[in-house]
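**Student:** Input: one structure, supplied below.
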Amino acid sequence: MAAALGFGGSNAPDKPNPPSAAHSAHHGPAHVLDEHRLTPASVSSLEVHGATNTRRSLLDHVFQPVVEDLAPGGTTLGQVLDRVALATKKLARFDIFKEEGFGVFLSEAPRTESAPPTDRTELDISIRVKEKSRLVFSAGTDFGNAEGSAYTNAVARNIFGGAETLSVNASTGTRTRSAYNATFSTPINGNPDLRLAVEALRSETQKPWASHDEQLTGGNLRLAWLSENDDSHTLSYSSVWRQLTGLSATASPTVRADAGDSLKSSVTHTFTRDRRDNPMLPQSGYLLRTVSELAGWGLLQGDVSFAKTEVEASGALPVALPGRTAKSGISVGAGLRLGVLYPLPSGFALTGPAQPSRINDRFQLGGPLGVRGFKLGGLGPHDGADSVGGDVFAAGSVNALLPLPRVGADSPLRLQLFANTGRLVALNRKSPKGNESREGLAMGSATVFRGVTSAINELTNGPPSLAAGVGLVYAHPVARFELNFSLPLVLRRGEEGRKGLQVGVGISFL
Amino acid sequence: MLVSPSCSVSWRFGIPRPLQQLFDYFPLRALDPNALPERSQCLTSSDLPTLYVFSTESDARLGLPSFNPGCLKWQTLLRLSSLPFRILPSTNHASPTGALPFLLPPRTTSTSTSSPPPVPASQLLAYAQQHSPSTKDNSNKIDLDPDLGPRAQAYLSLVTLSLRNAWLCALYLDPSHADLLARLYARPASSSRAVQAALLAQLRAAAAEQIVTSTGGMVVTTSAAAGGVDEESVYREAREAMEALAGMVGESGTGWVFGEARPGVFDAGLFSYTHLMMEFMGEGLGRMVSESGKGELARHRGRMLEAAWPGWDGKRPTE
C-alpha cells in the first residue's frame, strides 16, 4: 500500500449514483483495493486543501466521522474509504465547492522508527477542493409557474465561512410587476441537509383572473431538511402584509369587497417525496406532496385565521412494447390534487365566530398546466368575469405520453393525450336570499362545520367539470412547455373553458 | 399563463368554419353556476344599493355618519334624497376612482354572472334621482348641478381648502389626535401593529403633502414637526373661514346656505366638516366651530343632523 492512489471526480449530490468507494473499487486503478478492503486501517492524518475561506469548525463537523474510531476492533480500509466518500458527498452538498474540483488522495503514513510493528495501515488522507466564487451576479430570464420573468440576482456564498448564503433578487415578469427578495440561509450544525433561512420580500403581482393586483410585503423563517430517504420537509413561519389594490374598472363586487389590507401570519409545513425519473417529463415513479398551513390561530394572530391543507399525488408508468426490450418511451400517468380551507376562530378558541375566507386565501383552479382546457383560474365560482376562488377543490388528470416518430424515445419531446377534471367549490351558508338574520360576517363553529361538509359533498354533486385534448410536451431542464389542443366537455356556467390551442409553461403540472 | 391575449384574438378571427362548427358542440354539458363564497354573498348580495365609505362595521349596520368628510358629504346627500341604501366599511383600494365613496347598485339578477358597474361619487346624485322611489315628487330633489356664482365659489373654497386643511392638520399631524387617527383609519385596516404603523406613516405623509400643495406652499415651516406644515397659520385661516361661512349662513333666511329652501350640496359639504370637528375634536376645532358666528355653524350642523339623521342621539355603539 505504498503507492498513493487517488479517486477524484464528481461527488455532486444531484448525480443519481455518486461513485462510492466500494463501487469505484471495481474498475480503474483502485481495483487493487478490492482485496484490501478488510485490511485493518486507520487515519493518521487528514488534510483539506483549497478551502481557504471555509471555517475550520465546518470542516471538523464534516470529517469528524472519518477520524473517529468507532468500530470496536478498529476500522478496516473499506470502512475508512466509505466514510471519506460520505464526508466528501456531504461537503459537496453545501454548494460552496466546485463540482469538478474534488480530489481525494490516500497514502500510507510514514512509520516512525520507534513505533511497534503492526499490520494496521496508517493512512494520510488529503482532500483537494476548489471553492466556488464567493460573489456571483447574474441576470437572465426565468420560467416559473405560469409566467415568464426577467431577473437580476446577486449571491454571496460562504459569507462567514460556514456555507452561509445571502441571495438578493429583483425580477419583473409577465404577471409580476416587480419582486424583490433577500434570503439569508445557513446550514445548522454543519449539516448541509438541515438549513435555516430568513427571507424578506416585497412584490406586486397582477391577478388578471380576478381584476386586481396584489402587493406583498413580509418575511419568513424557514427550516428545511432532507430525511434519510431523501424526502424533503420545510417548516416555515411567515408574516405577510397583503394589499389587494389596483382594481380594474370592471372588477366584480366580490373583489371590491375584499380590496384593502390584511396580514397573514402562518405556519406552513411542506412535505415532498419526489421519486420521478425526470421531474419535467416523468416516465416512471411518483410524486407526493402535502402542504399544511395554519394561519391566525393561537399565538399567530393576524387578520385571517384558517387551516388549509393541500395534497398532491402523481405517478407515471412506462409502457413496454411487446417483443421489444428497448425503452419504448411510452408512458401513462395520472395525477390527483385535493385541498380544503377551514376557517378558524381567532385566538386560542376552538369554537366561536370565524371569518369566512378572502379571495387571496382561497384556492384557484384551472390553467394550461393544471386542469388543461380551462383558463387560468377558469374553474370554480365566478363573479362576472372574475374568478373568485373556492374553499374546497379536487382535480385529477390522466395522460399518455408517446414519443414522436423519427425523434425517438430519448428526446425530450412527446405527444400527449390527456383528460383532466376539476371541481372548485366555495363555502357558504346557503341561507335563502333576503334572509337578513345574519349579523355581520362571522360564522359560528357549527355553521363553519356544516358549510365545509356541504362544500365537500358538493364536489361530487353532478359530473365534475371536464376537458380533454391532445398536444405536444417539450421538457426543457428549466421548465416544461406544452402546446395543447383541448375542448371542454363539461363545465359550470360562469367557468371559463378554453376551446382550441393553449400554451403552458411551468415547473409543476398535474 | 403565457397565453398572450393578442394570440387568442388572432386565432379567434382566423378560425376555419369546420373548426368553428366543432367548437359550437362544446361544452357538451353546461351545469348550474357555482355559488359565490360566503364573504361575497354576505357583503354583495343586498337588494339595496351599497355605498362604500370609511366606517366601522357597527356604525355601518346602523347607517351612522361616516367619519371621513368626503364620504360623509355624499352619504348625507344620499340620505337627503329619498333613495334607500345601505353602507359598508371599505378602503380607497376598492374604489374605481381611487377614493371613497362609491356606490354599487344591487345585482340585477339573482345569478352571479353579471353585476352593474360601480357609480363614482360624482354621479351619485344622478343615480339617486334616477332610482329614487319618489322621483315624481320633486320635494326631495336636490339641485344636481348648482351653477355656483363667483360668490358661492369663493365660499366653497373656504370649505374645500381652509376647513379641509384644518381637519387634515388636526387629525393627521396633531399628535394629540394620534389615537383617534389610529382608531379611525389604521385599526380597521389590520390588527397588526406593524401594518398599522406603516399605514399611519403613509397617511401622515400624504396629508402633509396635500396641505402644502393645496395652499401653494403658503403654510410651510422649516420645523420638522407636523410634516413641515405651519399649523398656526392653517388654524388661523380656518377660523377666518368659519367666521365668513357663519356670517353667510346667518344672512340666509331659511337656515340653509344661500337662502335655499332645502339643504343642498353646499350644506352637505359644510356639514361634513363641522359635524366631524364637533363630534371628534370637541376641544380644538370643535370649539372653533361652535364659537364661530355666535354658534351659527353649530346650529346649521344641528339642523343638518335633524334633516339627515332624524332621531339619532349622536351616540355611536362602542366596538
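The values are calculated or read from the model by the stated rules, or taken from the named source; none is laboratory data. Here the structure is a predicted model, which means the values were calculated and not measured. As a convention, Cβ positions derive from the backbone with ideal geometry for all residues, glycine included, and neighbour counts pool all protein chains shown.
**Student:** Quick one: in region A:248-269, of everything that is within 7 Å of another protein chain (Cβ to nearest Cβ) and of a type in the set (A, V, I, L, M, F, W, C), which residue is nearest to residue B:190 (Cα to Cα)?
**Tutor:** A:263
**Student:** Keeping to region B:264-319, report how many residues are charged (D, E, K, R) and not in a helix (DSSP H, G or I).
**Tutor:** Adding up the residues that qualify gives 5.
**Student:** Would you confirm whether or not region A:350-358 contains a residue that is under 21 Å from the mean Cα position of the chain (by Cα), among the aliphatic types (A, V, I, L, M) and within 12 Å of chain B (Cβ to nearest Cβ)?
**Tutor:** No: zero hits.
**Student:** Scan region A:207-230 for residues that are under 14 Å from the mean Cα position of the chain (by Cα) and at pLDDT 95 or above and jot them down.
**Tutor:** Scanning region A:207-230 gives A:222, A:223, A:224, A:225.
**Student:** Okay, moving on. If you go through region A:413-424 one residue at a time, do you hit one that is at pLDDT 90 or above, within 14 Å of another protein chain (Cβ to nearest Cβ), in contact with a helix residue (DSSP H, G or I) (Cβ under 9 Å, 6 or more places away or on another chain) and not in a strand (DSSP E or B)?
**Tutor:** no
**Student:** What do you reckon, is residue B:77 more than 7 Å from chain A (Cβ to nearest Cβ), crowded, with 22+ Cβ neighbours inside 10 Å and touching a residue at least 60 places away in the same chain (Cβ under 8 Å)?
**Tutor:** When the stated conditions are applied, residue B:77 passes them.
**Student:** Looking at region B:61-74, which of the residues that are assigned to a helix (DSSP H, G or I) and either surrounded by fewer than 21 Cβ atoms within 10 Å (Cβ to Cβ) or basic (Lys, Arg) (or both) is farthest from the other protein chains (Cβ to nearest Cβ)?
**Tutor:** Step by step, filter region B:61-74, then rank; the result is B:73.
**Student:** Then there is this: State the number of residues belonging to region A:365-388 that are under 29 Å from residue A:429 (Cβ atoms) and touching a strand residue (DSSP E or B) at 6+ places or on another chain (Cβ under 6 Å).
**Tutor:** Summing the residues that are under 29 Å from residue A:429 (Cβ atoms) and touching a strand residue (DSSP E or B) at 6+ places or on another chain (Cβ under 6 Å) in region A:365-388 gives 8.
**Student:** Just one of A:263, A:288 is in contact (Cβ under 8 Å) with a residue 24 or more places away in the chain, within 16 Å of residue A:359 (Cβ to Cβ) and not aromatic (Phe, Trp, Tyr); which is it?
**Tutor:** A:263
**Student:** Sticking with this one: Specify which of the listed residues (A:378, A:373) is within 13 Å of chain B (Cβ to nearest Cβ), crowded, with 17+ Cβ neighbours inside 10 Å and on the phi > 0 side of the Ramachandran plot.
**Tutor:** Testing whether each residue is within 13 Å of chain B (Cβ to nearest Cβ), crowded, with 17+ Cβ neighbours inside 10 Å and on the phi > 0 side of the Ramachandran plot leaves just A:373.
**Student:** Then there is this: Can you tell which of A:314, A:328 is touching a Gly at 6+ places or on another chain (Cβ under 7 Å) and away from chain B (no Cβ under 14 Å)?
**Tutor:** A:314 is the lone residue from the list that is touching a Gly at 6+ places or on another chain (Cβ under 7 Å) and away from chain B (no Cβ under 14 Å).
**Student:** Shifting gears a bit: Based on this model, can you work out whether residue B:157 counts as modelled with pLDDT of 85 or more, in a helix (DSSP H, G or I) and over 21 Å from the mean Cα position of the chain (by Cα)?
**Tutor:** no
**Student:** Suppose we filter A:245, A:205, A:217 for residues that are without any contact (Cβ under 8 Å) to a residue 60 or more places away in the chain, polar (S, T, N, Q) and touching a helix residue (DSSP H, G or I) at 6+ places or on another chain (Cβ under 7 Å); which single one remains?
**Tutor:** On inspection, the qualifying residue turns out to be A:245.
**Student:** With the condition kept exactly as written, say whether any residue in region B:45-59 is at the interface with chain A (Cβ under 8 Å from one of its Cβ atoms), surrounded by 14 or more Cβ atoms within 10 Å (Cβ to Cβ) and modelled with pLDDT under 85.
**Tutor:** Yes, region B:45-59 contains at least one residue that is at the interface with chain A (Cβ under 8 Å from one of its Cβ atoms), surrounded by 14 or more Cβ atoms within 10 Å (Cβ to Cβ) and modelled with pLDDT under 85.
**Student:** How many residues does region A:281-296 contain that are among the hydrophobic types (A, V, I, L, M, F, W, C), more than 21 Å from residue A:226 (Cβ to Cβ) and away from chain B (no Cβ under 14 Å)?
**Tutor:** 2
**Student:** Moving on to the next point. Can you tell me which residue is farthest from the chain's Cα centre (by Cα) among those in region A:298-310 that are closer than 14 Å to residue A:342 by Cβ and more than 11 Å from chain B (Cβ to nearest Cβ)?
**Tutor:** A:306
**Student:** Which of the residues belonging to region A:68-110 are surrounded by fewer than 21 Cβ atoms within 10 Å (Cβ to Cβ) and in contact with a Leu (Cβ under 6 Å, 6 or more places away or on another chain)?
**Tutor:** The answer is A:76, and nothing else.
**Student:** Right, something else. Among the residues of region B:21-44, what is the count of those that are of a type in the set (Ser, Thr, Tyr) and surrounded by 14 or more Cβ atoms within 10 Å (Cβ to Cβ)?
**Tutor:** Number of matching residues: 2.
**Student:** A further question on this structure: Within region A:159-172, is there a residue that is small (Gly, Ala, Ser) and modelled with pLDDT under 85?
**Tutor:** no
**Student:** When you check residue A:247 against the structure, is it in a loop (DSSP other than H, G, I, E, B) and surrounded by 18 or more Cβ atoms within 10 Å (Cβ to Cβ), yes or no?
**Tutor:** yes
**Student:** Could you run through region A:129-183 and say how many residues are assigned to a loop (DSSP other than H, G, I, E, B), within 14 Å of another protein chain (Cβ to nearest Cβ) and more than 17 Å from residue A:201 (Cβ to Cβ)?
**Tutor:** Qualifying residue count for the region: 2.
**Student:** List the number of the failed condition for residue A:187; all other conditions in (1) closer than 30 Å to residue A:86 by Cβ; (2) at pLDDT below 90 hold.
**Tutor:** Answer for residue A:187: the failing condition is (2).
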